[in-house]
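Only one structure is covered here, and it is reproduced in the block below.
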Amino acid sequence: MNEPFACRLLLEPEPGSGAWNMAVDEALLDTALRRGLCTVRLYRWAEATLSLGYFQKPDEAVADARLAELPRVRRLTGGGAILHHHEWTYSCVLPPGHPLAAVPHLLYEHVHKEVLAVLAPRGVAAALRGDGGRVDPVGRIANPSKVGPAGSAGPGARVAASSVDPRSGGPPGRAGGRIGDPSCAPPEAFLCFARGDARDVVCAGHKVLGSAQRRRRGAVLQHGSLLLLRSEFAPEFPGLRDLVPAAELDSGFAEEIAERLARALAGAGKPAEAGLPADRPSSDAVFRGELTEGERAASAHLLTAAAAVAARRTPVEAPVELGKISGRDC
């Protein structure tokens, strides 16, 4: 078995602004490239914020009056817009050469299965969507007979290879093949949680976790939103506490998810069913840390540069453009 990768665990003590959260994720991707370090980060949002996918147009955000006045930021990753409100958000970065960085869908599945493993003993019956259902305009499974109770995949369910571009992890034909977001396909819905993919985590027929990726010179950033409660700005998307009021979702469950993700990524193994050992690494392969001074400085620089660009635009055109400031890619 390969030696474990070192994995740093960042547990943000206070919620951050949307622009700061996205700037930090981009800085961590740069760290993975420069230092070869895995990082798992767990964070929250200081206020309801709309994050636009990398390819989305800013004026789409004002088409829905409920969302028009919310702060906006552009993610480094593709896919549909996400309303970040009552949720926990994770991000993880992998350096080039990490086994889970090689093929896009492996990391989606690996991370989402680790989340499911934490939710199950807490009374949440959730599962990967599988390939038997599709999503309706408000994010529910439209053909639940094929996916079983609570959105679970039926017998023999497989991830549909046609839904993923093998170069990017995104929908087939994505321009450039560099930004993957299979959790946010098909492309017609503005909000990501109104879209569906085989790797989504669903509970009681509703999508509660979706993730997106950015790949840069062999390194990977993946981040995702785990909905806890429905937001008054988009009440059609319930969270875990709405769907399973009796679930044991105390303050420690999100930290347990982050720790489990860090151990899994440090183990550097693909899931056991993929033919590699699933042994957990020794505890010293995972360590708790904080942002370095360099990462804080890089995040602040991205934030300042993005704000300067936004200041030169009209309000409709002015989400904070983190992903388009750095100009660095594969």
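The values are calculated or read from the model by the stated rules, or taken from the named source; none is laboratory data. Predicted model only: the values in this text are computed from it and were never measured. Cβ: placed from backbone, ideal geometry, glycine included. Neighbour counts: every protein chain shown. Ligands, DNA and RNA are excluded from the accessible area calculation, which covers all protein heavy atoms including side chains. Shrake-Rupley method; radii C 1.70, N 1.55, O 1.52, S 1.80 Å.
Peptides 34-40, 75-81 ranked from most to least packed by the mean count of surrounding Cβ atoms within 10 Å: 75-81, 34-40.
The packing ranking, built from the mean of other Cβ atoms within 10 Å per residue, places the peptides 94-107, 248-261, 210-223 in the order 210-223, 94-107, 248-261, highest first. Ranking of 207, 57, 113 by solvent-accessible surface, largest first: 57, 113, 207 (1.4 Å probe, protein heavy atoms only, all chains present). Ordering of 194-201, 290-297 by packing is 194-201, 290-297, highest average first (other Cβ atoms within 10 Å, averaged per residue).
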